[in-house]
Amino acid sequence: MHKTSAWPLALIYGALIVFASLFPFEGWRGQGVSPWVFLTARIPPPYWTWFDVNINVAGYAPLGFLLALACMRSGWPRVAVPLAALSGALLSLSMEYLQIFLPRRVPSNMDLALNAAGALAGALVAALLERLGAIARWSRFRERWFTPQARGALVLLALWPWALLFPAALPFGLGQMWQRLQDALAELLEGTPFLDWLPLREAALEPLSRGSELLAVALGLLIPCLLGYCVVRSLPRRATFTLATAAVGVGVTALSAGLSWGPAHAWEWLTPGARAGVVLGLLLALALLAVPRRACAALLLVVLVLHLGLLNDAPADAYFTQTLQAWEQGRFIRFYGLGQWLDWLWPYATLVYVLLQVSRREARS
């Protein structure tokens, strides 16, 4: 048995598929037909695009890959591919079945077939990589670079680029959720005596100053670097990890802007303030290379709290609201729930993880 990061990643990815498939979780009602009617519909359906085909395959391929990898790393190599493919197909079948009760969703046997094919393809890729020795090389690489207790941090670091794909008001500004949460609660409790109990802000939020924006961008980049420092073994490897993290963060943020506004606008987010924030975050991360792991964890807690405080005390600008509307109503609606929850929850999950790690180390000492 091998303690692998593939199991938690597979479970998280499966949960995100559920969110993406059933978003916006409202308007549940019976259609007056059998929920299984989609199974006998003709293939292909009257309305389909190659974008839908590719997304349905690509959306389930990582799930099949992670499930097969988890099975192989747990000592079940013979059942890895069939179990991963069957699990992906059953999950897709469940989602298509439930979509018949959602007016904004259309279940499709073509989607089911493509999802199952994607899960099978991902599982086969995992088996091929295992046969070629790539998984074993990754295990050796992990042992050289990371501490034995690095699984939780590696899961969070693997999810960070995916969280960045969802449009953010500021570069690397994950976790800006309190204003929208308060608005949703106020709407839910309207007309009830509980509305007075809600700690709503009485005054309008003030936009961040240029200095605060710069600091927020820098801290947003520093957070994954400090998280990596908690598990990366040596100083030179920390430096390499920091440069790679900065490159991935900048590249994924540009990809998010390109998806939202078009390829021609992929780099418009890199304003002078954002550029200065990236440089400052990178310099801070490099300056902290030699800090011990336990001190990095304590510092990460401070940085997380400060970063979340800055973001949630600032309103979302009009351009950000327009971007969200494009995701909510356009072709990204399938990923809106997935990306939104990753964006919202990643920093808080990191906060809980670091708190648990610090408390365990204190208990041992």
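Can you pull out every residue in segment 130-139 that is surrounded by 11 or more Cβ atoms within 10 Å (Cβ to Cβ), under 30 Å from L235 (Cα atoms) and not aromatic (F, W, Y)?
Answer for segment 130-139, where residues must be surrounded by 11 or more Cβ atoms within 10 Å (Cβ to Cβ), under 30 Å from L235 (Cα atoms) and not aromatic (F, W, Y): A134, I135, A136, R137, S139.
Kindly list the number of the only condition in (1) over 30 Å from W28 (Cβ atoms); (2) assigned by TED's automatic domain parsing to the domain that holds A239; (3) not aliphatic (A, V, I, L, M) that fails for W162.
The failed condition is (1).
Just to be sure before I move on: is G30 under 28 Å from I100 (Cα atoms) and at pLDDT below 85 in the structure I sent?
Yes: the conditions hold for G30.
Looking only at residues in segment 91-102 that are more than 15 Å from Y13 (Cβ to Cβ) and of a type in the set (A, V, I, L, M, F, W, C), which one is modelled with the highest pLDDT?
Within segment 91-102, the match that is modelled with the highest pLDDT is L93.
Which residues, taken from segment 110-157, are under 28 Å from N54 (Cβ atoms) and either modelled with pLDDT under 85 or among the acidic types (D, E) (or both)?
D111, E130, I135, W138
For T253, are the conditions met, namely being β-branched (V, I, T), closer than 23 Å to S212 by Cα and in a helix (DSSP H, G or I)?
yes
For segment 264-296, which positions are in a loop (DSSP other than H, G, I, E, B) and closer than 20 Å to P236 by Cβ?
L288, L289, A290, V291, P292
What is the number of the single condition among (1) surrounded by 15 or more Cβ atoms within 10 Å (Cβ to Cβ); (2) more than 30 Å from V33 (Cβ to Cβ); (3) within 24 Å of the chain's Cα centre (by Cα) that Q149 does not meet?
Here Q149 clears every test but (1).
Could you look through segment 234-283, keep only residues that are modelled with pLDDT under 90 and closer than 25 Å to V155 by Cβ, and pick out the one that is nearest to the chain's Cα centre (by Cα)?
Filtering segment 234-283 for residues that are modelled with pLDDT under 90 and closer than 25 Å to V155 by Cβ, the one nearest to the chain's Cα centre (by Cα) comes out as S256.
With respect to L11, is the statement that it is at pLDDT 70 or above and either of a type in the set (S, T, N, Q) or touching a helix residue (DSSP H, G or I) at 6+ places or on another chain (Cβ under 6 Å) (or both) true?
Numbers: at pLDDT 70 or above: yes; either of a type in the set (S, T, N, Q) or touching a helix residue (DSSP H, G or I) at 6+ places or on another chain (Cβ under 6 Å) (or both): no.
In short, no.
The values are calculated or read from the model by the stated rules, or taken from the named source; none is laboratory data. In this text the structure is predicted, and so the values were computed from the model without any measurement. Note that we place each Cβ from the backbone using ideal geometry, even for glycine, and neighbour counts take in every protein chain shown.
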